[in-house]
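Structure first, commentary second.
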Amino acid sequence: MKKLSVICAWAVFLAGCGGSGGDAPKVADIEPGFGNDVNAQLEAELEFYLPSFLAQKGELVITNLQDNSISTLTTDALSEFSTTLAVGGQYHIKFEPQNDQILCPKLLGCGRSKLNDPNDLNENNEIDFGEPVNAKLNLELTALPVPGLNQLYFSPYSSAVAFSNYDSRPLSLTAAPHYHLTINTILQRRKAEYVASAMTYADIMQQYQSNTSNSSQFVDAFNSAMSGESNIWTLYSELANEYLSDTLLGEDTNTLYRQHAAKTLLEVNELFRLRPLDKMQSTVTPYSNELLNEVRNALGVLRLQDEQYSAELKEKLNDVENIASDDAQEALVTIGEVIGDVVKHVSPAEGSEAGQYELTGLNITYETQLGFRWKVIGTRRGFDVNIDVSVPEWRISPTLGDKIVGTGGGVVTKPGTSLDFTFETFEIVSSSSFDPNNVQEVTGVASAKGSLELTQTNAVLTGKIELDAIREALNIRSTKTIIPYLMVDGVLTTPNQTTPIRLYANERSPLAITEKLDLTFGVQLELALNGGKDLRFQLSGEPNTFTNFGTVDVSMILGGYVSELTVTNVGGNINLIARGRDGYWVDIKKKDKLYTGGFYFGDKIVGDVRTIRGIPGVLFPDGSFESLF
């Protein structure tokens with residue numbers, strides 16, 4: 001590659017240099033800064049987020065890890081506080097609240113209270129929303145601030161990562177650590193708030209349930225999981241998902257949250273899937289052009305110049321769209337509906353005797369030896385049904401609601417779709433005692449864990465499944481099923497691919513007055529594409545939009561580097577924003593064959609995106625030019 005002089009570079013830009021057949025200028029061996037002032041003193045503005053159910057008043061201790069200088073700042077409300085730091089080095093930041101007061105953040109409450117628990121303020125034997133919870137938290141993080149606004153989100157997870165100075169970006173596939181936002185939207189900030197709150201809730205409730213207040217418990221569990229011991233770590237994951245499921249149902253938060261619901265589920269659950277991590281780098285290099293190399297790699301997958309995905313990737317994403325079809329979603333609802341209806345109408349709560357029973361479209365063989373067992377054959381929602389479930393435990397309680405814990409499996413099929421499942425455990429808790437003459441009694445919550453094999457035409461998805469469901473009355477004659485949490489961890493096999501895949505989904509519109517499911521999905525794929533054997537790829541939204549290049553929000557790790565890309569297409573004008581390491585990002589606007597935009601470090605522009613003699617690239621202040629493709 002060759003460097004072009006400033007005069008010739010501008011001549012090329014204005015009129016062309018060397019004739020129409022000359023090579024486009026390239027950057028080569030340019031001094032740092034590419035004409036930017038490398039001696040400029042850059043500043044970062046820091047804002048903070050602490051979950052609202054924690055004490056906001058306290059001290060912020062900031063350590064510059066380059067010179068070990070320490071500053072201590074006092075704030076009455078951390079989430080409304082800001083400060084300014086110099087750009088270039090790594091900082092360790094710790095918040096020490098004035099008191100340990102923690103309030104239950106779940107709208108549905110935080111569970112049964114301890115015996116004679118002073119935190120049970122209304123003495124109803126429950127820790128309700130807003131009542132105190134005993135726990136101690138460690139709140140710290142490490143960050144490499146960049147010019148402009150930096151928003152930092154405290155949680156026990158950020159503390160665990162900071163403890164060993166790990167780089168967590170490969171887990172969440174975020175260009176900056178998941179707790180550090182630079183260039184962002186209000187919905188990205190909302191997502192980061194929910195991630196921080198879910199992690200914090202998980203720590204609080206694990207301490208409460210284990211009856212041990214210990215601020216290092218989360219960090220210890222994280223380090224144990226990094227060493228391969230994951231039993232306790234799994235409990236934190238379950239609690240975080242419990243918080244997110246409950247939050248989705250909150251009417252005051254639903255409108256904003258549901259737009260990023262599946263993306264939030266994806267990020268939280270992938271953060272719990274630990275793998276070997278590198279250490280965080282200790283400095284930021286202003287005016288680096290390394291992001292452009294990462295962008296070129298990413299654009300090999302997301303082909304902006306062709307306004308489409310690579311043909312290979314599009315074919316694989318089309319398989320994902322097909323496997324997450326409406327019929328597949330309906331099959332899940334059918335399983336839950338059949339199990340729920342059968343065990344309520346033929347049950348020990350009704351004093352049912354062993355024998356043969358019929359429900360609309362279903363034939364039931366009911367056994368009562370060694371617990372309770374239902375063998376069900378028939379049709380429901382257009383599916384042929386063959387299900388066998390056993391329930392060794394059945395609690396009857398008008399106050400707490402009936403509780404059923406069991407195992408089972410079976411298959412539901414219709415032309416083009418077959419779902420074969422095994423539930424290692426499932427649980428149903430009704431709102432009150434079962435009463436088959438009252439539609440209201442079908443309301444309640446259910447959960448299941450097991451395995452599945454989903455076949456859609458020539459595609460097969462096999463793997464583990466976890467599912468939470470809620471049934472509530474729409475009116476006196478009908479109920480609806482809401483899925484606040486669904487996870488499938490498996491392998492997708494088609495004629496085009498054999499791909500490890502994880503699907504996360506929940507209800508986009510849980511408050512809508514309709515029986516129809518409205519799931520939004522987050523998907524992570526581990527692909528092997530030509531030129532990208534180590535590609536991990538994330539995207540979210542409606543399944544039938546995954547191959548739509550016109551509007552897409554994806555994250556990927558390729559060659560060890562994480563990139564976040566957002567594409568929008570308005571009237572044929574395409575805008576791509578690509579975010580990379582250390583707060584670098586590029587904004588590319590494409591109209592016909594003309595490319596414009598900017599290359600940024602935080603909020604400081606480093607170079608201009610220009611089209612020179614038909615070649616799009618970045619023009620730096622010293623006249624150096626580097627192509628985008």
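Just one of the listed residues (133, 161) is of a type in the set (A, V, I, L, M) and modelled with pLDDT under 95, and it is 133. Among the residues making up the range 190-225, a single one is under 20 Å from residue 111 (Cα atoms), part of a helix (DSSP H, G or I) and without any contact (Cβ under 8 Å) to a residue 12 or more places away in the chain: 210. Within the range 282-326, the set of residues being over 21 Å from residue 525 (Cβ atoms) and touching a helix residue (DSSP H, G or I) at 6+ places or on another chain (Cβ under 8 Å) comprises 284, 285, 288, 290, 291, 305.
Just to be sure before I move on: is residue 351 small (Gly, Ala, Ser), within 30 Å of residue 461 (Cβ to Cβ) and open to solvent by 30 Å² or more (accessible area, probe 1.4 Å) in the structure I sent? Steps first, please.
Numbers: small (Gly, Ala, Ser): yes; within 30 Å of residue 461 (Cβ to Cβ): no; open to solvent by 30 Å² or more (accessible area, probe 1.4 Å): yes.
No.
The lone criterion from (1) closer than 18 Å to residue 286 by Cβ; (2) touching a residue at least 24 places away in the same chain (Cβ under 8 Å); (3) in contact with a strand residue (DSSP E or B) (Cβ under 7 Å, 6 or more places away or on another chain) left unmet by residue 605 is number (2). Residues in the range 385-409 that are at pLDDT 95 or above and farther than 12 Å from residue 426 by Cβ were compared, and the one that is most open to solvent (accessible area, probe 1.4 Å) is 386.
Are any of the residues in the range 579-593 within 25 Å of residue 179 (Cβ to Cβ), of a type in the set (Gly, Ala, Ser) and not in a strand (DSSP E or B)?
Taking the range 579-593 first, the residues within 25 Å of residue 179 (Cβ to Cβ) are 579-587.
Remaining after also requiring of a type in the set (Gly, Ala, Ser): 580, 583.
With not in a strand (DSSP E or B) added as a condition, the list becomes 580, 583.
Checking the range 579-593: at least one residue is within 25 Å of residue 179 (Cβ to Cβ), of a type in the set (Gly, Ala, Ser) and not in a strand (DSSP E or B).
Taking the criterion of being among the polar types (S, T, N, Q) and open to solvent by less than 20 Å² (accessible area, probe 1.4 Å), the residues of the range 542-566 that qualify are 555, 563. Could you check, for the range 612-625, whether at least one of its residues is part of a strand (DSSP E or B) and closer than 17 Å to residue 285 by Cβ? For the range 612-625, residues part of a strand (DSSP E or B) and closer than 17 Å to residue 285 by Cβ: present. Looking only at the range 108-117, filter to residues that are out of contact with any helix residue (DSSP H, G or I) (no Cβ under 7 Å at 6 or more places or on another chain) and in contact (Cβ under 8 Å) with a residue 12 or more places away in the chain; which one of those is farthest from residue 484 (Cα to Cα)? Applying the filter and picking the extreme gives 114.
The values are calculated or read from the model by the stated rules, or taken from the named source; none is laboratory data. Remember, it's a predicted structure, so these values are computed and weren't measured experimentally. Here Cβ is always computed from backbone atoms with ideal geometry, including for glycine, and neighbour counts include all displayed protein chains. Surface areas here come from the heavy atoms of the whole protein model, side chains and all, with no ligands, DNA or RNA. Shrake-Rupley method; radii C 1.70, N 1.55, O 1.52, S 1.80 Å.
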